[in-house]
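> Okay, here's the structure, questions in a sec.
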Amino acid sequence: MPEKKTFAILLTVTALLILSALTLLYVVPYYGLEAIHDDLPWIAGGVFGVLGGGLVLVLGLLIVVTMLGRDVPFSRKLRSFAVKGLLPLLVVVGRLIGLKREDVQHAFVAVNNELVLAQCRNGRPPRSVLLLMPHCLQDQDCEVKITHRVENCKRCGKCPIKGLLELAEQYRVDLAVATGGTIARRIVLEKRPDLIIAVACERDLTSGIQDTTPLPVYGIFNERPFGPCLNTRVALDRVESLLREITSLNAKRETP
């Protein structure tokens, strides 16, 4: 998967840059520390060594999850670290090595999804799931208001909402449509799901994942054949595949 390789490269370059910075921070004042006390260089070396080792461990665990899709110790805290603190740094590193912001965002969401699925597969599968969709999926000429009650949809089939409603009914999950981040956050607070499956563009999806941490969000980018925010699409087969897997995981957990 290209996104996984991109993320692994970004993590490796980031680790090398930070380790280089830590080395410089240690080497530059080395002789000054020695002048204060003979043992200070060794103490400073130990501190920087622990910081560097911790960094390598954390980024190494992220690479393992990224490439193998397996859960690792402290995966929830690891995901929170990746979501909250790592994305802005990866965007900067990506620019340094010639990657577009969108490439970094795709890699970030792909790895976030691996972390979320690893937790579901090896931990406790989510009982309640919320399908959170953007309003731009609705056909632009449709006059039916579905942002507060998606059940108002007439199911004419001109947009993906009909298929999403059918999936929500089939797999007994909640479906909501939001016009922006504020409404999306309010829906999440009202529903309080164990897992969100969110569809959006790069900017909204990455910011939404960051805003809802530590609540797990599986992100799917929308398709924009007519440009941004106009009659967008979503791969329904991908949504169904994910719902099917979650249903299977819950069934296995309930089997004595």
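> Filter the range 107-160 down to the residues that are aliphatic (A, V, I, L, M) and loosely packed, with under 15 Cβ neighbours inside 10 Å and list them by number.
V144 - this is the single residue of the range 107-160 that is aliphatic (A, V, I, L, M) and loosely packed, with under 15 Cβ neighbours inside 10 Å.
> Limited to the range 216-236, what total is found for residues that are without any contact (Cβ under 8 Å) to a residue 60 or more places away in the chain and not in a loop (DSSP other than H, G, I, E, B)?
2
> Pull up the range 192-226, narrow it to residues that are under 24 Å from C142 (Cβ atoms) and more than 16 Å from the chain's Cα centre (by Cα), then point me to the one that is surrounded by the fewest Cβ atoms within 10 Å (Cβ to Cβ).
Filtering first and then ranking leaves P225.
> Tell me, please, whether a residue that is on the phi > 0 side of the Ramachandran plot, outside any helix (DSSP H, G or I) and of a type in the set (K, R) can be found in the range 190-204.
Yes.
> Report whether or not R172 is modelled with pLDDT of 90 or more, more than 28 Å from L249 (Cα to Cα) and not polar (S, T, N, Q).
So R172 fails the test.
> Mind listing whichever residues of the range 227-256 are surrounded by 12 or more Cβ atoms within 10 Å (Cβ to Cβ), among the hydroxyl-bearing types (S, T, Y) and over 12 Å from P125 (Cβ atoms)?
T232
> Follow-up. Which of the residues spanning the range 123-181 are polar (S, T, N, Q) and either farther than 17 Å from E240 by Cα or in a loop (DSSP other than H, G, I, E, B) (or both)?
Within the range 123-181, S128, Q138, Q140, T147, N152, T179 qualify.
The values are calculated or read from the model by the stated rules, or taken from the named source; none is laboratory data. These figures come from a predicted structure and were not determined experimentally. Note that we place each Cβ from the backbone using ideal geometry, even for glycine, and neighbour counts take in every protein chain shown.
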